[in-house]
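The values are calculated or read from the model by the stated rules, or taken from the named source; none is laboratory data. Since the structure is predicted, the reported quantities are computational estimates derived from the model, not experimental observations. For neighbour counting, all protein chains shown are included, and Cβ atoms are generated from backbone atoms with ideal geometry for every residue, glycine included.
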């Protein structure tokens, strides 16, 4: 660390590869340290508030819209008008921050690319810093890659960049300030913003972000205050930063107006983060004996609680002149099977057609090969319009009970149980080896879908309703007996990863007495 001339109170505990000093400059580290010292006490208080809320939910409390913020929901306010670069977001491609993915995503034909330091990325030290280097180069159009005799470089027309830092619950263990770990959120945001914000503005866009895993408007307020200070420190006008919040926790669904209000000067709308949302529902009601969801394959965007959430998000955004972005369809192209590929493409079309027809302004895909299919569905509805924010959906009425209508409860099948175990082991093994976005069974899986897999198995074991369609109760012994069989299938598939270790971790998380809040928390501690 001495070679980097670390600022006062800052320590880096990881190895520094060649080129890392481009990002880990004394000035950039001092900026992150400034954010840490200003906001770490509030972050810790909000994380403690999450735990207190979880305890109340475990004791039987049911969430509802907040009485104390009724005036915000009833008020006639809107977010600050969007910058031109964020008016058109019909298709957004997402993916990790490795060099090849970044180039392909920018060139994909999507309107926007969300570069992901979070769920599609294993947050080991090299991935985080190399990702920052890659984006630094891409913004300056200096990114190139020579691989397998092929050259990758940016085309003339590229997608608008948005960056997703890690959530408030994650630390960056390799940077200490005054002996404390810094927030992974502030580390990812701070390094990116410090190095690139002015350059992005000079090139006609700006520093745009996606904010994950928020559970309350107070957590959005913290982000807003971070943005205010960051812009002051770099001498940028307030409102230069714009951020889209992923509504991917069931508690945040009850505070969508309030979240937009807190970020109104910096808001770029909301996104329906469907997979984490399902995980959140399982997690928040995990000990409720009346709660039990069917196989993951049955929990589509058309089931009651997901449909209510999607329509409420859309109505809330457009009422506030904010974009509403649809979530990810996990389907991906299937190159070696035309029949299965045609079915997958039909699934993508139906998903995006529903979003576009409902009134969404855009939607997510995880693969460049899906951009054109998704774009066609949005263009069919929007034509040449950049968005359909004017479609206010005044016909939609969603009550609190609609967001809690957790159907279907059946079927729960052995095939569904095995799929959860298989996906969980496969994904965890890949994650431990450094890959955070993994194609499994013709779906693109990330941390959110792995969370559904392990939490659903845990909840089926705990719940009296966790009964297979053939009458057998899901038990720890049943799961332990299936794990070696599914582990063998994963290994036989030819995939690469630390699968034996993953199977042990999955078994502990799925059959243990206690529920781990996020699987990435203990996994991160095991990473180098």
Item to check | Elements of type helices (runs of 4 or more DSSP H) contained in region 462-528, each with 3 or more residues being more than 24 Å from the chain's Cα centre (by Cα), outside the structural domain of residue 283 (by TED's automatic domain parsing) and within 30 Å of residue 50 (Cα to Cα) | outcome: 499-511
Checklist outcome for this item: When (1) under 20 Å from residue 234 (Cα atoms); (2) part of a helix (DSSP H, G or I); (3) free of Cβ contacts under 8 Å to residues at least 60 places away in the same chain are applied to residue 39, the one that fails is (3)
Checklist entry - Which one of the conditions (1) modelled with pLDDT of 95 or more; (2) in a loop (DSSP other than H, G, I, E, B); (3) under 24 Å from the mean Cα position of the chain (by Cα) does residue 119 fail to meet, given that it meets all the rest? => result (1)
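May I ask you to verify whether residue 33 is modelled with pLDDT of 95 or more and in the same structural domain as residue 380 (by TED's automatic domain parsing)?
yes
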Next on the checklist: Could you list, ordered by first residue, the pairs with Cβ atoms under 7 Å in which the first is in region 190-202 and over 15 Å from residue 239 (Cα atoms) and the second is outside any helix (DSSP H, G or I), at least 6 apart or interchain?
Outcome noted: 191/23; 192/163; 195/23; 196/207; 199/140
Checklist entry - Mind checking whether some residue in region 144-162 is buried (at least 21 other Cβ atoms within 10 Å of the Cβ) and either under 13 Å from the mean Cα position of the chain (by Cα) or at pLDDT below 95 (or both)? => result yes
Checklist entry - If you go through region 379-395, how many residues are surrounded by 15 or more Cβ atoms within 10 Å (Cβ to Cβ) and in contact with a helix residue (DSSP H, G or I) (Cβ under 8 Å, 6 or more places away or on another chain)? => result 7
Item to check | Pairs with Cβ under 7 Å, 6+ apart, first in region 234-250 and within 11 Å of residue 269 (Cβ to Cβ), second modelled with pLDDT under 95 | outcome: 246/273; 247/273
Next on the checklist: One residue is enough: does region 245-252 have a residue meeting the conditions closer than 29 Å to residue 66 by Cα, in the same structural domain as residue 54 (by TED's automatic domain parsing) and assigned to a helix (DSSP H, G or I)?
Outcome noted: yes
Checklist entry - Has region 55-66 got any residue that is more than 30 Å from residue 388 (Cβ to Cβ) and touching a strand residue (DSSP E or B) at 6+ places or on another chain (Cβ under 8 Å)? => result no
Next on the checklist: Against the definition (in contact (Cβ under 8 Å) with a residue 40 or more places away in the chain, in contact with a strand residue (DSSP E or B) (Cβ under 9 Å, 6 or more places away or on another chain) and within 26 Å of residue 299 (Cα to Cα)), how does residue 463 come out, yes or no?
Outcome noted: no
Checklist entry - Which residue out of 430, 450, 415 is outside the structural domain of residue 345 (by TED's automatic domain parsing) and either outside any helix (DSSP H, G or I) or surrounded by fewer than 16 Cβ atoms within 10 Å (Cβ to Cβ) (or both)? => result 415
Checklist entry - Can you tell me which residues in region 483-492 are within 21 Å of residue 297 (Cβ to Cβ) and surrounded by fewer than 18 Cβ atoms within 10 Å (Cβ to Cβ)? => result 485, 489
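Tell me, which residue of region 510-521 that is surrounded by fewer than 22 Cβ atoms within 10 Å (Cβ to Cβ) and in contact (Cβ under 8 Å) with a residue 60 or more places away in the chain is farthest from residue 454 (Cα to Cα)?
Here the answer is 521.
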Next on the checklist: Taking the criterion of being closer than 23 Å to residue 277 by Cα, at pLDDT 95 or above and assigned to a helix (DSSP H, G or I), would at least one residue in region 318-332 satisfy it?
Outcome noted: yes
Next on the checklist: Would you confirm whether or not region 71-79 contains a residue that is touching a strand residue (DSSP E or B) at 6+ places or on another chain (Cβ under 7 Å) and either assigned by TED's automatic domain parsing to the domain that holds residue 352 or in a loop (DSSP other than H, G, I, E, B) (or both)?
Outcome noted: yes
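Restricting attention to region 193-226, report how many residues are touching a strand residue (DSSP E or B) at 6+ places or on another chain (Cβ under 7 Å) and part of a helix (DSSP H, G or I). Show your work before the answer.
Of the residues in region 193-226, the ones touching a strand residue (DSSP E or B) at 6+ places or on another chain (Cβ under 7 Å) are 205-206, 208-212, 214, 220, 223.
From the residues that got through so far, the ones that are part of a helix (DSSP H, G or I) too are 220, 223.
Qualifying residue count, region 193-226: 2.
Residue-wise test of (1) in contact with a strand residue (DSSP E or B) (Cβ under 8 Å, 6 or more places away or on another chain); (2) buried (at least 20 other Cβ atoms within 10 Å of the Cβ); (3) more than 23 Å from residue 390 (Cβ to Cβ).
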residue: 268; (1), (2), (3): yes, yes, no
residue: 299; (1), (2), (3): no, yes, yes
residue: 306; (1), (2), (3): no, yes, yes
residue: 329; (1), (2), (3): yes, yes, yes
